[in-house]
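For reference, the structure is listed below as structure tokens.
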Amino acid sequence: MDDLTSQEAAVLGIIRDNPFAGQQEIAEMLGLARSTVAAHIVQLMQKGHVLGRGYVMPQPSRAICLGGAVLDRKYHAKQEIVPGTSNPVDSTRSMGGVARNVAENLARLGTQTGFISIVGDDEGGRTLMTYMRERGIDVSQMIISTERPTAEYAAILDPRGDLSLGIADMGIFDLLRPEHLDRVWPHLASASFVFSDCNPPAETLAALITRRRDARFRLAIDAVSTVKAMRLPKDLAGIDLLFMNIDEANAILGLSARETIDDALKAARGLQAAGAREAVVTMGAAGIAVAGIDASASFEAVEAKAIDMTGAGDAMIAGTLHRVIAGDDIHTAARIGALVATLTTESAASVHPELSEAFLQVHMHRLS
């Protein structure tokens, strides 16, 4: 609690002992004016020590995910795709979005998770919120817009499950402005880890990164795509953990090499040199490179009997964050994240429906 003044610490101590204490009661106990106590409580909210009215105390280990919430449609080709003509497919609809997928994976693994995004005032938005609420994810800070429809993404997959073509309507995320951070800041500030994808506008990401420098939570960010990676500021200071694939990292750093895992390791170190505290750069089946605080290393991907690659990267992020929040170092956490990614590819869903901490433990032998 080094971020608190002595009076703020005293007010917080009383609130912890009696969450129902009124401002006048606290003022009399400390010999302060009621207006002074009210000002201290506002600061405690901004610093993440209380969550607002009723002085609800934050949980010690809590993740907030910020970014994309999308209705996903998948079209899995039954045979090799032939351009320019009709192709037979099997189709499914599911919940998607990088941040949303990460939030669901975290919740399934047992991390207390909140989710902040923007959806349309439509059936799709209501479906997304209900789905997440039923999985124990706090969606109380979601933004509902009448200006744009809920985001949608369609993926056309080849017979092996690899992405052949993706199309997206993500315009609603342009409405996720920096001022929205002010409204939800107590919930962000009270988290132990905040994860954001790069679906929000550049100025919103910049505001989040800047404000994080004076906050207690740790911040993780995923690039989403080479185009959206460019929304990040040149100075990556304020990002505790940055996730990218090799192409996204190269785009940020102005590099081109992508032949071996050593290229990914060089990119991870480059992201770290640009200001990120730690960085994870993936190369699909070629493996994962990690630039940690004390050392850099790479390791192989976990062998998979893949059905569908969609959501694997999001699962890797969630598995890594889950273990970092639990206290693992980044190298150990990223290896477990790689296992969660592999398990996800072995399911037809973007988030493995059986994922849990117990399910993960059953498969831990695959890391040896």
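Just so it is clear, none of the values below were taken in a lab; they were calculated from the coordinates. Here the structure is a predicted model, which is why all the values come from computation and not from measurement. Methodologically, a virtual Cβ is constructed for each residue, glycine included, from the backbone with ideal geometry; neighbour enumeration extends over all protein chains shown.
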ask   = Quick one: putting +1 on the C-beta of Lys and Arg, -1 on the C-beta of Asp and Glu, what dipole do you get for the chain around its Cα centre, in Debye to the nearest 20?
value = 380 debye
task = Note the listed values (1) 1.04; (2) 1.11; (3) 1.00, then indicate which one is Cα Rg over 2.2 N^0.38 Å calculated from this particular structure.
result = (1)
query = Using a cut-off of 23 Å between alpha-carbon atoms, which lysines can reach Lys234, once sequence neighbours fewer than 8 places away in the same chain are excluded?
reply = Lys266
message = Rounding to the nearest 10 and keeping the result within 0 to 90°, find how far the Cα-based axis of helix 6-17 lies from the longest principal axis of the chain.
response = 80 degrees
note = Taking a ≥ b ≥ c as the square roots of the eigenvalues of the Cα gyration tensor, with a/c under 1.5 meaning rounded and otherwise prolate when a/b exceeds b/c and oblate if not, the range 99-170 is oblate
key: C-alpha long axis of helix 123-134 to longest principal axis of the chain, angle in °   = 70 degrees
request  = Work the Kirkwood hydrodynamic radius out for the range 181-284: mean of 1/r over every pair of different alpha-carbon atoms, inverted, in Å.
outcome  = 13.8 Å
note = If amide H atoms are modeled at 1.01 Å from N in the peptide plane, then the residues at a separation of 5 or more from Ala276, or on another chain, having amide H under 5 Å from its own are Leu236
inquiry  = Per DSSP helix of 4 or more residues, -39500 (n - 2.57); summed, then divided by the residues of the chain. What does that give at 222 nm, rounded to the nearest 500?
reply    = -11500 deg cm²/dmol
inquiry  = Based on DSSP loop calls and a cut-off of at most 11 other Cβ atoms within 10 Å, the longest stretch of the chain free of exposed trypsin sites (Lys or Arg not before Pro) is what?
reply    = 79-212
note = The helix 330-345 Cα axis meets the longest alpha-carbon principal axis of the chain at an angle in degrees, between 0 and 90 and rounded to 10, of 50 degrees
note = Note to self: Kirkwood Rh of the range 227-288, Cα pairs, one decimal, Å, is 11.3 Å
request  = Assign unit charges at the C-beta atoms only (+1 for Lys and Arg, -1 for Asp and Glu), then state the dipole size of the range 4-162 relative to its Cα centre in Debye, rounded to the nearest 20.
outcome  = 180 debye
remark   = tail above 26 Å in the computed P(r) of the range 45-173, as % of all Cα-Cα pairs, reads 35 percent
request  = Considering only DSSP beta bridges where both residues belong to the chain, give the percentage that are antiparallel (nearest 5).
outcome  = 40 percent
ask   = For the range 187-338, what is the charge dipole size about the Cα centre, in debye to the nearest 20, if Lys and Arg each add +1 at the Cβ and Asp and Glu each add -1 at the Cβ?
value = 460 debye
message = If I take R0 = 25 Å and measure r between the Cβ atoms of Glu259 and Met230 in this structure, what FRET efficiency does the formula 1/(1 + (r/R0)^6) give, to the nearest 0.05?
response = 0.60
